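Reading through the C-alpha cells given below for one structure.
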Amino acid sequence: MAIKPIIYKLRIAISDFNRDYYNSVNLTVALHPSETLERMMVRIVAFCLNAQENMTFTKGLSNIEEPDIWVKTLDDLITLWIEVGEPAPDRIKKSSRLAPKVEVYSFNSKSDTWWHQSKNKVSQFKNVKFYQFDWQQVQVLATFVGRTMDWSLSISGDTVYIAAESEECELVIKELT
C-alpha cells in the first residue's frame, strides 16, 4: 500500500515591503512521503515571496513534468516556474524554455556544492534567478511545523521574518550570481 501525503493547513498574513504586497492567504500543503519538512517549509516561503493571483502548488515531486509552484494565465500559459532544491542543469534549461521567469530556491547543506558545480552550466539562462537559504535557519523554521499553522510573514530587503503562535525566526535570502 502506498504511503499517503500528510496535509498541512496554513493561514499566513504576508507583508512584503519589497513589492508593496499585503495579503492573507490560506494554504493547504501536502508533504510528499519522500519530502522533508525543511523542503516543505521552503516551498511555503517561496510561495509567499512570490505570492500573486493564479499561483498554485503543483504535484511537484509526484509529477516530474511540473515545478513545485507555478503561475499560469487563464489561457494556461506558464508565467512563473519555481523550483525548490538543487535541480539538474537540464531541468533548468527545460523550465527556462517553458516560462519567461524561473526562480530556483536552494536550501540544504549541499547547496554550495551544487551551485559551484552547476553555476557555469546554468548562468547562461537569463530568465532564471537563483536564491539560497541558510540551512541552519531552515532547520529552525522546520521546528514550527504543526498540522495547522498561523503565521505572520514579513519580507524586507533580503530577510524573511516569520512569527508563528509561540515562535519566530528569520531567513536570509542570498541571490546566487
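Tabulated data for the structure shown
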| quantity | calculated |
| --- | --- |
| Yes/no for Pro67 being touching a helix residue (DSSP H, G or I) at 6+ places or on another chain (Cβ under 7 Å) and either β-branched (Val, Ile, Thr) or not in a strand (DSSP E or B) (or both) | yes |
| Qualifying residue in region 5-18 (condition: in contact (Cβ under 8 Å) with a residue 12 or more places away in the chain, in a loop (DSSP other than H, G, I, E, B) and surrounded by 17 or more Cβ atoms within 10 Å (Cβ to Cβ)) | no |
| Sole exception among (1) at pLDDT below 95; (2) over 17 Å from the mean Cα position of the chain (by Cα); (3) surrounded by fewer than 13 Cβ atoms within 10 Å (Cβ to Cβ) for Ser118, by number | (3) |
| Qualifying positions in region 19-37 - outside any loop (DSSP other than H, G, I, E, B) and under 23 Å from Gly157 (Cβ atoms) | Tyr21, Tyr22, Asn23, Ser24, Val25 |
| Failed item, numbered, when Tyr105 is tested on (1) touching a residue at least 24 places away in the same chain (Cβ under 8 Å); (2) open to solvent by 80 Å² or more (accessible area, probe 1.4 Å); (3) out of contact with any Lys or Arg (no Cβ under 7 Å at 6 or more places or on another chain) | (2) |
| Region 32-59: number of residues that are at pLDDT 95 or above, of a type in the set (D, E, K, R) and open to solvent by 30 Å² or more (accessible area, probe 1.4 Å) | 2 |
| One residue from Leu80, Leu31, Leu49 being in contact (Cβ under 8 Å) with a residue 40 or more places away in the chain and within 26 Å of Leu171 (Cα to Cα) | Leu49 |
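The values are calculated or read from the model by the stated rules, or taken from the named source; none is laboratory data. In this text the structure is predicted, and so the values were computed from the model without any measurement. Reconstructed Cβ throughout: ideal geometry from the backbone, glycine too, with neighbour counts over all protein chains shown. Areas reflect the complete protein model, heavy atoms only, side chains present, ligands, DNA and RNA absent. Shrake-Rupley method; radii C 1.70, N 1.55, O 1.52, S 1.80 Å.
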